[in-house]
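In what follows, a structure is listed as structure tokens, so that the remarks can point back to it.
The values are calculated or read from the model by the stated rules, or taken from the named source; none is laboratory data. Being a predicted model, the structure only gives us computed values, none of them experimental. Heads up, the Cβs are rebuilt from the backbone with ideal geometry, glycines too, and the neighbour counts pull from every protein chain shown. Keep in mind that these areas ignore ligands, DNA and RNA; they rest on the heavy atoms of the full protein, side chains included. Shrake-Rupley method; radii C 1.70, N 1.55, O 1.52, S 1.80 Å.
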There are 10 protein chains.
Amino acid sequence: MLFKVEMTVNIPKDMPAEEFEAIKLKEKNYAQKLQEDGIWMHLWRVVGQYANVSIFDVKDNTELHDLLMGLPLYPFMEMSVTPLCPHPSSIK
Amino acid sequence: MLFKVEMTVNIPKDMPAEEFEAIKLKEKNYAQKLQEDGIWMHLWRVVGQYANVSIFDVKDNTELHDLLMGLPLYPFMEMSVTPLCPHPSSIK
Amino acid sequence: MLFKVEMTVNIPKDMPAEEFEAIKLKEKNYAQKLQEDGIWMHLWRVVGQYANVSIFDVKDNTELHDLLMGLPLYPFMEMSVTPLCPHPSSIK
Amino acid sequence: MLFKVEMTVNIPKDMPAEEFEAIKLKEKNYAQKLQEDGIWMHLWRVVGQYANVSIFDVKDNTELHDLLMGLPLYPFMEMSVTPLCPHPSSIK
Amino acid sequence: MLFKVEMTVNIPKDMPAEEFEAIKLKEKNYAQKLQEDGIWMHLWRVVGQYANVSIFDVKDNTELHDLLMGLPLYPFMEMSVTPLCPHPSSIK
Amino acid sequence: MLFKVEMTVNIPKDMPAEEFEAIKLKEKNYAQKLQEDGIWMHLWRVVGQYANVSIFDVKDNTELHDLLMGLPLYPFMEMSVTPLCPHPSSIK
Amino acid sequence: MLFKVEMTVNIPKDMPAEEFEAIKLKEKNYAQKLQEDGIWMHLWRVVGQYANVSIFDVKDNTELHDLLMGLPLYPFMEMSVTPLCPHPSSIK
Amino acid sequence: MLFKVEMTVNIPKDMPAEEFEAIKLKEKNYAQKLQEDGIWMHLWRVVGQYANVSIFDVKDNTELHDLLMGLPLYPFMEMSVTPLCPHPSSIK
Amino acid sequence: MLFKVEMTVNIPKDMPAEEFEAIKLKEKNYAQKLQEDGIWMHLWRVVGQYANVSIFDVKDNTELHDLLMGLPLYPFMEMSVTPLCPHPSSIK
Amino acid sequence: MLFKVEMTVNIPKDMPAEEFEAIKLKEKNYAQKLQEDGIWMHLWRVVGQYANVSIFDVKDNTELHDLLMGLPLYPFMEMSVTPLCPHPSSIK
């Protein structure tokens, strides 16, 4: 079951660089694990923004919620979640 | 080069049913041709809306503009276009 | 799996009364069938508005989309869909 | 008498973890007491947000206001309150 | 129990003058009856707008909803409803 | 001459409790004096918000501005001011 | 007593040219009379818009409301009204 | 050439009183000099807000930009700039 | 003196094709004349929209207003006008 | 391939002056290099704002993203990115 999730990251200006790098690394590993598991299906960067457009394929709402709340960068994110379903004109 | 395009369709209430069916058929053929050509990469329906979230892979802005304006349903659409680029954490 | 759906109805001023009554009756039967099936869990009227707040319990996004698009009043509705999941403080 | 209340929580980044845990515990006890009393009828989590959708059944506006202002997390909340009433198509 | 209700009226340009005058008269009688009954406590005109700010004193949400939906001008109104309660600094 | 003024209060999280209590007391005295003088005609609390809906009866704009700017809580307020006038359907 | 009023005019596309010219002439005479009387103090056109920024000097809210509602173009206008008062740094 | 400029001032809560008074004095002198020069034509206070509505008469855009950026309070201001031109119904 | 003007065109669905083509031709000639005169400096199409981003170089506000109001498509346009001035980092 | 990028800069009030001057100098050099390379085609200041309107000519989305993220002032910027394409009425 598919969801579009758009995430915008706002890092406090006074966060020490190393702390930021550490969180980013955790975020990258977290995101890549979910991609390898086929859950985080697509992850694109929005031009000019510290933001992404993502497509998730999850079992249900709760699974999506838990994995989103588990994002290391979650406390610094604004997020919108849009449920998707197959389009009648899609050839997939 | 990738773009996210979100399209919402508003059909005038007084459009005859057959005219609507005809345009929808043209739209479907148009969309499926572009998908087969690998240009319209993803096409998902937004739950509860006569709207879609699409990902296009085009050569440049002009190609995207021309194909969007060529949509049979274009006159009845509201559209947002967001340029995307590869995300550093994407495994693709 | 739960979704909050808020629906606002805008009936064209020139719709004949009988046509409106007929659609409303179809809508009522449609809504009550889904409530009896345990799918349309809650249906409340918003004070002062021709609008409702509803909670749906569905198998997946597609099921929700199909039943929303099947609403007789759908062509006259503006709708927002919000995916929900169990709250850690809920006693249910 | 029913009200929909949507609450979004924004915790200051510099709040010590223990203080946050303590407030959350108070909030949970507060919420569960009201649920047991049949006042806080429904409490759902919004997917991807530190937010909830709740339905309250109260005697009057003042009772609702007092219990909302009494929420331990109230100082960190943005809230919207929507008065509801029975829907003519509801089977309850 | 008090509610603030703000109403903005948009009359279709093609409504015949007599029809408009007739509805306005019904609206006036309806509003004045409710004022005499102490339900429609305050009714003020917003400067420069075909809109009003009103305060209603009703038994519950349902009573408010029914009387608002009964307004002759209701089909031509946009409305916002805000539940109020006594202010700790009010001397009334 | 009547004005509707809606005030929302945002108190900085780091304001010492005593300072807050002191300002609130000053605000209450200030508000009650104006009510006794018949200037601050109505003062209601918005359910679920640290906000009020007020009706002022003042000689002119300048008088309203001066008394609003004199509110002890003014520095922590967001405010909207709407000029009102008698409604043709009001029985007062 | 001063008010800023911003007016935007939206003329229905199907209004006959002569009718539009007639209303515009009435509007011009109406506006110039009020300017001569020193009530409509300033009237400027917003670049690129069929809109104006105006400053009115009136006795009270009711006078302002009545003269605004009397504008021949009123039915085709969207309007915002902002009460003003003398600025402490103004040399007038 | 005329421009409407609306300025809203937000002073940080932790700015020392003397510093604030000093900047305000500079601002007042700056504003009054420009008024005496006939550049800052009108300066009105918005009721209930730490904001003003101003009309500037300048040679060109650059002159306006430079004088606005030179305002002592500029760093604490939000500003909107609207180009104006003579209105066909104005008697000036 | 430079201005950014963004124009969005909304053509009524029931406008006959020939009438639309005629207006478009007039618009094209009008726009190209102004470009040749060095007034309409830049004219770009916004991808996916019947809209443009333009840069005008005009003597003053009135000149800009008159030429914008003279656009054959003006009655079908929504427009925003932003005054520009030289940027300190520009090498032109 | 052209993009309009609008940038608004918000410098924290507590940034030391020298640090701000240093970043501005880096920003100026960075911007002028890109202008000399024909990538940053236009850079205009918005009157009354610490903001600019820019036109970029880039190979693709990724090039634009990388150069925007490389702006020394990027951490203090809010940005909007709009893809453009040639306008049928443009004479260039």
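Checking the condition more than 21 Å from I:Tyr50 (Cα to Cα), open to solvent by 20 Å² or more (accessible area, probe 1.4 Å) and not charged (D, E, K, R), which residue from B:Ile23, B:Ile39, B:Ile11 passes?
Exactly one of B:Ile23, B:Ile39, B:Ile11 is more than 21 Å from I:Tyr50 (Cα to Cα), open to solvent by 20 Å² or more (accessible area, probe 1.4 Å) and not charged (D, E, K, R), namely B:Ile39.
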| query | of a type in the set (Phe, Trp, Tyr) and farther than 21 Å from G:Trp44 by Cβ: does that describe H:Phe76? | reply | yes
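Yes or no, residue by residue, for (1) closer than 20 Å to F:Pro75 by Cα; (2) open to solvent by 60 Å² or more (accessible area, probe 1.4 Å); (3) away from chain G (no Cβ under 11 Å); (4) of a type in the set (Phe, Trp, Tyr):
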residue: H:Met7; (1), (2), (3), (4): yes, no, no, no
residue: H:Lys28; (1), (2), (3), (4): no, yes, no, no
residue: H:Lys33; (1), (2), (3), (4): no, yes, no, no
residue: H:Leu43; (1), (2), (3), (4): no, no, no, no
residue: H:Met79; (1), (2), (3), (4): yes, no, yes, no
residue: H:Pro83; (1), (2), (3), (4): no, no, no, no
| note | In the set E:Lys13, E:Lys33, E:Lys4, E:Lys92, the lone residue that is basic (Lys, Arg) and touching a residue at least 12 places away in the same chain (Cβ under 8 Å) is E:Lys4
| request: Could you tell me whether any residue of the stretch H:48-57 is in contact with a helix residue (DSSP H, G or I) (Cβ under 9 Å, 6 or more places away or on another chain), without any contact (Cβ under 8 Å) to a residue 24 or more places away in the chain and crowded, with 16+ Cβ neighbours inside 10 Å? | output: yes
| query | Given the conditions (1) in contact with a helix residue (DSSP H, G or I) (Cβ under 6 Å, 6 or more places away or on another chain); (2) within 12 Å of chain I (Cβ to nearest Cβ), which single one is not true for J:Lys92? | reply | (1)
| said: For the stretch B:58-76, check the following and say yes or no: at least one residue is within 12 Å of chain A (Cβ to nearest Cβ) and open to solvent by 40 Å² or more (accessible area, probe 1.4 Å). | reply: no
| query | Do any residues in the stretch B:61-73 that are closer than 13 Å to I:Arg45 by Cα have Cβ atoms under 7 Å from those of residues that are aromatic (Phe, Trp, Tyr) and buried (at least 19 other Cβ atoms within 10 Å of the Cβ), where the two are at least six apart or on different chains, and which pairs are they? | reply | B:Leu64/B:Phe3; B:Leu64/B:Phe56
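The rows are residues; the columns are (1) at pLDDT 95 or above; (2) within 15 Å of F:Lys4 (Cβ to Cβ); (3) not aromatic (Phe, Trp, Tyr).
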residue	(1), (2), (3)
E:Pro12	no, no, yes
E:Glu19	yes, no, yes
E:Lys26	yes, no, yes
E:Val47	yes, yes, yes
E:Pro75	yes, no, yes
E:Cys85	yes, no, yes
E:Ser89	yes, no, yes
